[in-house]
Amino acid sequence: MGENVAVARTFTATARQLGLVSAVGTVLLSAGYAAALVAGLWSLPSPQQPIGNPWFSVLEIFILLLLPLLVGLMVAVHAWAPAEDKVYSLLALLFMALMAGLTGSVHFVIFTLSRQVDFTGPAWLPLLSFRWPSVPYALDILAWDVFFALSVLFAAPVFRGSRLAGTIRGMLIASGVLALAGLSGVIFGDMRLRAIGIVGYVGVFPVAALLLAILFHRTVPPQR
């Protein structure tokens, strides 16, 4: 059954397929990331220590695989958005692309260079470590707690016209607000508070992605 919403003519069958693949992929990879994160944390002898290998490498791979799907999902959202709301969906797409480019660069550099002997000395610790304070950690916070949060908050107004769309809107707002709240870790100098943001993009957003998959499946692309 199709959704009774004013879908833009840009939501073609190709855009629908991209949205479905990206949304389902986001759900599956997020679930895998969450499981690896729990396993990594469980393996630590002390909560103050960073997650080590092999779990750290697994998490890096999940993140790098997830990023293209998040951008693809926002491309589909922009295609789905009614014409009068495309200014919001375009901003959502741009901020998601910024997030993916920034955090992708950070994680790729750490994943590759941290394994090289020449980059394991203490002089490289501020540049190749996720221990706070460090350059990679600050850039990753900017990516997820600012750019990701802005992306989903700008995407939220696009969804209206049905109960399912309204639920997606609420989940996106919750995800964005929680991600922004993760900045409290920087403000108060306590990185444990970043867990609030993690709940937003690892816990809440995959639910929104699952609902987006249902919405895209139900939406019939307009005939040309």
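Values as computed for the structure displayed
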quantity	calculated
Breaking point among (1) modelled with pLDDT of 95 or more; (2) polar (S, T, N, Q); (3) under 19 Å from LEU59 (Cα atoms), for GLN48	(1)
Test: LEU20 is farther than 21 Å from VAL109 by Cβ, surrounded by fewer than 20 Cβ atoms within 10 Å (Cβ to Cβ) and without any contact (Cβ under 8 Å) to a residue 40 or more places away in the chain	no
Residues of the range 125-169 satisfying the condition of being surrounded by fewer than 19 Cβ atoms within 10 Å (Cβ to Cβ), of a type in the set (S, T, N, Q) and not in a loop (DSSP other than H, G, I, E, B)	THR167
All positions within the range 61-119 that are under 12 Å from the mean Cα position of the chain (by Cα) and among the hydroxyl-bearing types (Ser, Thr, Tyr)	THR103
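The values are calculated or read from the model by the stated rules, or taken from the named source; none is laboratory data. Nothing here was measured: the structure is a model prediction, and the numbers come from that model. All Cβ positions, glycine included, derive from the backbone under ideal geometry; neighbour counts span all protein chains shown.
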